[in-house]
Number of protein chains: 2
Amino acid sequence: MADMGRRDPVAILAAGGRMPRLVADAISATGRPVVLAALSGFFDGEAGPHDMFVLSPGQFSLLFSRLRQRGCRDIVMVGEMKRPRLRDLRIDWGGVKRLPLLFKVRGRGDDSAMRLLTETFEREGFNVVSLSDVAPGLAAPIGPVGRLLPNVKQTDSIAFGFELLGALSPFDVGQAAILHGRRVLAVEGAEGTAAMIERIAALRRSGRFSQTPPSGILVKSPKASQELRNDMPVVGAATLQAASEAGLAGIAVAAGGVALAESAEMARLADQYGLFVVGCDREGRWTNG
Amino acid sequence: MADMGRRDPVAILAAGGRMPRLVADAISATGRPVVLAALSGFFDGEAGPHDMFVLSPGQFSLLFSRLRQRGCRDIVMVGEMKRPRLRDLRIDWGGVKRLPLLFKVRGRGDDSAMRLLTETFEREGFNVVSLSDVAPGLAAPIGPVGRLLPNVKQTDSIAFGFELLGALSPFDVGQAAILHGRRVLAVEGAEGTAAMIERIAALRRSGRFSQTPPSGILVKSPKASQELRNDMPVVGAATLQAASEAGLAGIAVAAGGVALAESAEMARLADQYGLFVVGCDREGRWTNG
């Protein structure tokens with residue numbers, strides 16, 4: 001749980017994608033200030049109202065001194081971070097001392113790399129916290145967002161969709177798919193969710209998907225590899241608008257594994273577009289019990 | 001094996017897609033004439049040089065009398081055939097006598113429906129033959145077509161791709177995918193192979209796939225449900241051209257499960273486009289032993 005009493009800033013080691021800024025906003029909303037330590041070559045967002053400094057991978061001394069200056073003890077690593085390329089590294093004295101660590105991190109899987117970094121931060125007296133500690137409520141909960149609910153047939157379709165995403169997960173692909181009943185209309189590859197949703201309109205035009213809108217359900221879950229980091233796919237206002245434009249009936253996301261951006265807006269937008277939006281467990285169930 | 005000595009015509013009960021005409025051409029090339037019994041509402045090809053008559057699902061008397069007139073004994077059912085809709089049925093006297101059969105066929109899975117139809121034809125003295133009996137060489141064999149071969153890394157990528165297609169097969173989707181190494185770039189949904197291949201060019205433009213062409217491998221296999229009928233996905237000149245335009249390195253198809261159209265042309269085109277084209281077993285191996 002977020003400790004609502006604390007006022008010392010939380011450091012966010014901010015990598016790529018939308019998550020770091022969303023996390024910053026969510027922490028900020030709990031009353032704690034935030035310091036964005038933006039990893040150059042990875043973080044590509046805006047600081048907004050938050051305190052931010054930029055560092056390169058390898059600048060450990062810089063990181064530790066800036067965080068101590070600001071009185072940070074808690075640190076959370078957030079966002080998409082492929083292994084840094086050698087040419088992106090800027091090794092300061094703290095980095096030189098940790099060259100063996102850097103090479104280990106580059107050579108290992110994500111899980112192992114995260115553990116090594118966590119140990120390094122903790123040896124310096126920092127406390128590596130998890131997303132759910134500092135930003136509870138960012139990940140979708142189980143159950144509906146907004147007023148509309150999936151019917152029995154749609155609930156079956158969602159379960160089938162999550163089964164599909166589960167089968168794809170060893171292949172590090174298929175973070176999302178679109179189904180109608182048990183027919184799989186689209187599977188997300190490297191094109192991203194937005195481009196996949198756009199295909200539904202084309203399928204309708206060509207007659208390959210001839211069901212009257214609203215029809216078709218977007219299911220979305222994190223990649224297996226994504227679960228290892230503090231990174232989540234994000235469903236936000238743009239996703240709802242795209243789903244509505246494609247004539248979809250609703251969206252089902254993995255509870256705890258997909259972030260709802262602008263969550264206060266989501267229920268209102270879901271109702272406005274006439275979409276259901278539900279958080280589900282990994283079997284696609286969206287009701288507790 | 002095809003009996004090269006026989007000259008009695010082979011009847012093709014022709015449903016949808018490209019396969020019926022390809023099979024007709026392939027049988028014709030072995031020296032036996034062909035009669036296309038074109039199922040209205042399903043067959044949408046051209047008769048070309050072949051004898052053809054049109055019938056509706058349910059017109060059993062018409063089918064049997066026309067085939068006997070032409071001296072057909074062998075019959076092969078080819079092509080894509082969803083269960084006929086009631087409004088497409090035209091029930092003649094032979095159909096009336098078989099109404100229970102028609103309702104059974106509509107209500108059952110493909111496998112069971114095919115068995116019932118086979119029994120019906122055989123009770124009338126026809127001999128239901130398989131594709132490999134009358135048109136050997138239509139399905140891709142194991143091994144390379146053309147001069148180029150996948151290298152070791154590409155062979156690993158192909159095996160990974162076939163593993164992916166296998167995982168998708170219970171979901172009746174993902175007849176094809178495009179990979180680079182072990183990265184899955186695209187998975188085919190309802191859009192079809194051609195539209196999926198076109199996405200690679202878009203991925204290159206947007207920088208989501210930044211490998212220099214030729215790169216990326218198309219893997220293609222039949223759907224699980226497709227294997228139950230005499231229907232196969234087809235790879236032809238258009239597929240090779242699309243693959244070449246998308247800058248792919250090659251194509252790997254399930255041997256015995258994917259038809260190579262204009263097969264004499266394929267090797268020449270593969271070499272001209274600088275693509276490898278290989279038939280693989282279900283583990284993605286393309287060499288015998």
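No value in this document is a laboratory result; all are computed from the given coordinates. Remember, predicted model here, so these are calculated numbers, not experimental data. When we count neighbours, we look across all protein chains shown, and the Cβ atoms used for this are built from the backbone with ideal geometry, even at glycine.
A few comments on the model shown:
- About its Cα centre, the dipole of chain B is roughly 520 debye, where the only charges are +1 on Lys and Arg Cβ and -1 on Asp and Glu Cβ.
- Integer Hz, Karplus 6.51/-1.76/1.60 couplings in order for region A:174-189, x for Gly and Pro: x, 5, 8, 8, 10, 10, 10, x, 9, 8, 8, 8, 8, 10, 6, x
- Extended-chain gain in nm, criterion 0.36 nm per residue less alpha-carbon gap, B:A237 and B:A264: 8.7 nm
- Applying 1/(1 + (r/R0)^6) with R0 = 35 Å to the Cβ-Cβ distance of A:E46 and A:R6 gives a FRET efficiency near 0.85.
- Spin-label model, B:K104/A:A194: points 7 Å from Cα along the beta carbon direction are separated by 5.5 nm.
- Legend: calculated FRET efficiency, B:E245 to A:R205, from the Cβ-Cβ distance at R0 = 22 Å, rounded to 0.05, equals 0.45.
- The lysine pair count for the protein assembly as shown, using Cα distances under 23 Å and pairs eight or more places apart or on different chains, is 12.
- Cα gyration tensor shape of chain A, rounded if a/c is under 1.5, else prolate or oblate by comparing a/b with b/c: prolate
- Gained length - A:T212 relative to A:T30, 0.36 nm times residue gap less alpha-carbon distance: 61.2 nm
- Loop GluC sites (Glu not before Pro), region B:233-273, which have at most 16 other Cβ atoms in a 10 Å radius of their Cβ (DSSP): B:E262
- Net charge dipole, the protein assembly as shown: roughly 40 debye, given to the nearest 20, about the Cα centre with Cβ charges of +1 for Lys and Arg and -1 for Asp and Glu.
- Under DSSP loop assignment and at most 11 Cβ neighbours within 10 Å, longest trypsin sites (Lys or Arg not before Pro)-free interval of chain B: B:148-289
- With contacts taken as Cα pairs under 8 Å and at least 6 residues apart, chain A reaches a relative contact order of 19 percent.
- Cα centroid separation - region B:5-34 against region B:40-103, whole Å: 15 Å
- Nearest-0.05 FRET efficiency for A:T118 and A:R282, computed from C-beta distance (R0 30 Å): 0.70
- Beta bridges per DSSP, both residues in the protein assembly as shown: antiparallel share near 35 percent.
- Shown for A:K104: label points 7 Å from Cα along the beta-carbon vector, and their distances to the equivalent points in the other copies, 6.9 nm in ascending order.
- Hull volume in cubic angstrom per residue (convex hull over the Cα atoms of region A:9-78): 70 Å³
- Sorted from nearest, the other copies put their B:A267 label points 6.8 nm away, the label point being 7 Å from Cα in the direction of Cβ.
- Residue (of B:F209, B:V187, B:P222) at the positive-pole extreme of region B:135-255, dipole from beta-carbon charges: B:F209
- When A:T212 is represented by a point 7 angstrom out along its Cα-to-C-beta vector, the spacings to that point in the other copies are 5.6 nm, nearest first.
- Directionally averaged projected area (region A:45-192, Cα convex hull): 12.3 nm².
- Per-residue ellipticity at 222 nm, computed for chain B from helices alone with -39500 (n - 2.57) per DSSP H run of at least four residues, works out to -10500 deg cm²/dmol.
- With only the Cα atoms considered, the protein assembly as shown has a convex hull volume of 169 Å³ per residue.
- Positive dipole terminus of chain A, leading residue within A:V129, A:A167, A:G31 (C-beta point charges): A:A167
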